[in-house]
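Data first, discussion second: the structure below is written as structure tokens.
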Amino acid sequence: MTTSQHEISDEIAKIQADSPGGAPLLDFAPYRSTTLRHPTKEPLHVDPEGAELLAPVFGHSDVDAVEADLTLQRGGEPIGERIRVHGRVLDGDGRPVRRQLVEVWQANAAGRYSHQGDQHPAPLDPNFTGVGRCLTDDDGWYSFTSIKPGPYPWRNHHNAWRPAHIHFSLFGTDFTQRLITQMYFPGDQLLALDPIAQSITDPAALARLVASYDHAQSEHEWLLGYRWDIVLTGSHATYLEPSDD
Amino acid sequence: MTESTPGQTVGPFFHHALAFPGDSELVPFGSAGSVVLHGYVYDGAGDPVPDAMIEIRQSDASGVVPRIGGSLRRRGAGFTGWGRSCTDGAGHYWFSTVEPGLPFFAVTVFARGLLDRLFTRIYLPGAADAVEGLVSEREADGRLRFDLHLQGPSETVFFKFPRT
């Protein structure tokens with residue numbers, strides 16, 4: 001593990017010059033763990049049918065409202081910079097994804113996950129699990145209250161650091177719209193160095209993973225607001241009801 | 001069409017967030033009419049992938065794709081047609097479910113080291129018009145077995161759908 005950040009950044013630059021793309025490259029050697037885990041055959045083009053046309057349904061029997069506030073779950077105040085992240089989930093045609101499940105997870109303010117596999121020697125926060133869920137509302141809006149996650153080191157190469165991020169898991173109306181991704185924070189200097197983020201080789205596409213600071217959501221003497229909208233791929237269903245926005 | 005938000009790897013530290021009690025039991029294990037769908041996830045060296053997550057979506061036994069909530073709390077919800085299984089240290093995933101009337105399980109695969117989700121199908125044995133290579137095997141004890149290979153000579157057929 002002697003590869004330097006400089007060498008990784010050179011590898012990234014070469015690939016990006018050759019193949020700018022909006023979806024992450026699955027074969028992306030700068031992220032070393034992809035080496036044996038990316039398919040090498042072209043995907044088979046298939047028209048979705050049956051269960052592929054219908055995403056699973058979730059409701060208020062699945063999610064409690066309190067699960068959207070990651071600062072409330074352990075009885076005491078977690079340490080860190082209190083934030084709210086909110087935005088809309090839209091489908092590929094701009095329609096809101098209504099009453100659908102959003103799951104999030106993140107490191108604590110010190111950059112450590114409350115996961116037994118994370119051995120980074122930063123403190124755990126007894127008042128923070130970093131796990132939340134909510135349902136989008138009738139206009140596709142979601143909102144989470146949390147703590148700004150810290151960046152953390154990982155073993156991809158020497159002195160490798162992940163930019164601060166929140167993992168998001170999303171469903172649409174079709175099973176084929178399933179998405180798991182990561183939201184980044186504006187102005188993070190680590191983003192340009194990160195092989196996971198840079199696997200999205202088109203800068204405009206990567207910019208869609210970066211939230212914007214939203215002062216209108218910030219609360220006086222309480223928290224800072226961020227806005228991040230999520231656009232899923234297109235639905236294959238034929239909708240009879242018109243979009244109402 | 002608006003430009004869609006790109007995916008990113010699920011990473012290594014998702015179990016405490018995405019696993020939940022009963023996540024892989026679409027019907028209770030061992031209940032009447034249930035079947036186990038299971039297998040292993042392998043990388044390109046043939047080693048098991050212990051940090052993958054598989055999700056399935058399916059119809060019920062009569063061919064109807066359920067549109068009811070309750071998957072996260074299972075108890076009393078009825079058959080929701082969706083489940084999630086995180087692989088264990090041996091790369092093993094499993095579901096307790098029913099054999100779908102529409103003859104395949106729709107599948108998504110996530111893993112550390114996999115930068116975006118993969119789609120595939122697992123067909124029931126003997127399904128007409130099955131995609132070659134995606135048919136599960138009936139084991140002697142009645143379980144359905146299907147291994148997923150992210151890479152290598154036995155690489156699983158993964159899909160690209162229109163509009164994705």
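Values quoted throughout were computed directly from the atomic coordinates according to the rules given, and no laboratory measurement underlies them. Bear in mind the structure is a predicted one, so any value in this text is a computation, not a measurement. Neighbour counts run over all protein chains shown; Cβ positions are idealised from the backbone, glycine included.
Quick grid of which residues meet (1) buried (at least 24 other Cβ atoms within 10 Å of the Cβ); (2) on the phi > 0 side of the Ramachandran plot; (3) not in a loop (DSSP other than H, G, I, E, B):
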residue: B:36; (1), (2), (3): no, no, yes
residue: B:50; (1), (2), (3): no, no, no
residue: B:54; (1), (2), (3): yes, no, yes
residue: B:63; (1), (2), (3): no, yes, no
residue: B:77; (1), (2), (3): no, no, no
residue: B:93; (1), (2), (3): yes, no, yes
residue: B:96; (1), (2), (3): no, no, yes
residue: B:106; (1), (2), (3): yes, no, yes
residue: B:110; (1), (2), (3): yes, no, yes
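The residues listed here are A:111, A:94; of these, the one that is within 15 Å of residue A:141 (Cα to Cα), touching a residue at least 12 places away in the same chain (Cβ under 8 Å), surrounded by fewer than 23 Cβ atoms within 10 Å (Cβ to Cβ) and within 12 Å of another protein chain (Cβ to nearest Cβ) is A:94.
The single condition from (1) away from chain B (no Cβ under 11 Å); (2) touching a residue at least 60 places away in the same chain (Cβ under 8 Å) that residue A:100 fails is (1). The criterion of being more than 7 Å from chain A (Cβ to nearest Cβ) and either more than 29 Å from residue A:200 (Cα to Cα) or among the aliphatic types (A, V, I, L, M) (or both) holds for residue B:138. Suppose the filter is in contact with an Asp or Glu (Cβ under 9 Å, 6 or more places away or on another chain) and free of Cβ contacts under 8 Å to residues at least 24 places away in the same chain; does residue B:83 pass it? No, not satisfied. When each of A:146, A:169 is tested for being more than 26 Å from residue B:70 (Cβ to Cβ), touching a residue at least 40 places away in the same chain (Cβ under 8 Å) and part of a strand (DSSP E or B), the lone residue that passes is A:146. Checking each residue in region B:136-161 for being buried (at least 21 other Cβ atoms within 10 Å of the Cβ), aliphatic (A, V, I, L, M) and in contact with a Leu (Cβ under 8 Å, 6 or more places away or on another chain) picks out B:144, B:150.
For region A:16-52, filtering for residues that are among the aliphatic types (A, V, I, L, M) and touching a Phe, Trp or Tyr at 6+ places or on another chain (Cβ under 7 Å) leaves 3.
The set of residues in region A:187-213 being closer than 25 Å to residue A:93 by Cα, surrounded by 16 or more Cβ atoms within 10 Å (Cβ to Cβ) and more than 8 Å from chain B (Cβ to nearest Cβ) consists of A:201, A:202, A:210, A:211. Tell me whether region A:42-59 contains one or more residues that are at the interface with chain B (Cβ under 7 Å from one of its Cβ atoms), in a loop (DSSP other than H, G, I, E, B), free of Cβ contacts under 8 Å to residues at least 24 places away in the same chain and within 27 Å of residue B:113 (Cβ to Cβ). Yes. I'd like to check something: does region A:157-168 contain any residue that is in contact with a Ser or Thr (Cβ under 7 Å, 6 or more places away or on another chain), farther than 20 Å from residue A:5 by Cα and surrounded by fewer than 21 Cβ atoms within 10 Å (Cβ to Cβ)? Checked region A:157-168: no residue is in contact with a Ser or Thr (Cβ under 7 Å, 6 or more places away or on another chain), farther than 20 Å from residue A:5 by Cα and surrounded by fewer than 21 Cβ atoms within 10 Å (Cβ to Cβ). Of all residues in region B:112-135, those satisfying the criterion of being facing chain A (nearest Cβ under 10 Å), buried (at least 19 other Cβ atoms within 10 Å of the Cβ) and over 26 Å from residue A:30 (Cβ atoms) are B:120, B:121, B:134.
Among the residues making up region A:60-83, those that are surrounded by 21 or more Cβ atoms within 10 Å (Cβ to Cβ) and not acidic (Asp, Glu) are A:68, A:70, A:83. Of the residues making up region B:14-26, just one is among the aromatic types (Phe, Trp, Tyr) and crowded, with 22+ Cβ neighbours inside 10 Å, namely B:14.
The sole residue among A:136, A:129, A:145 that is of a type in the set (S, T, N, Q) and within 11 Å of chain B (Cβ to nearest Cβ) is A:129.
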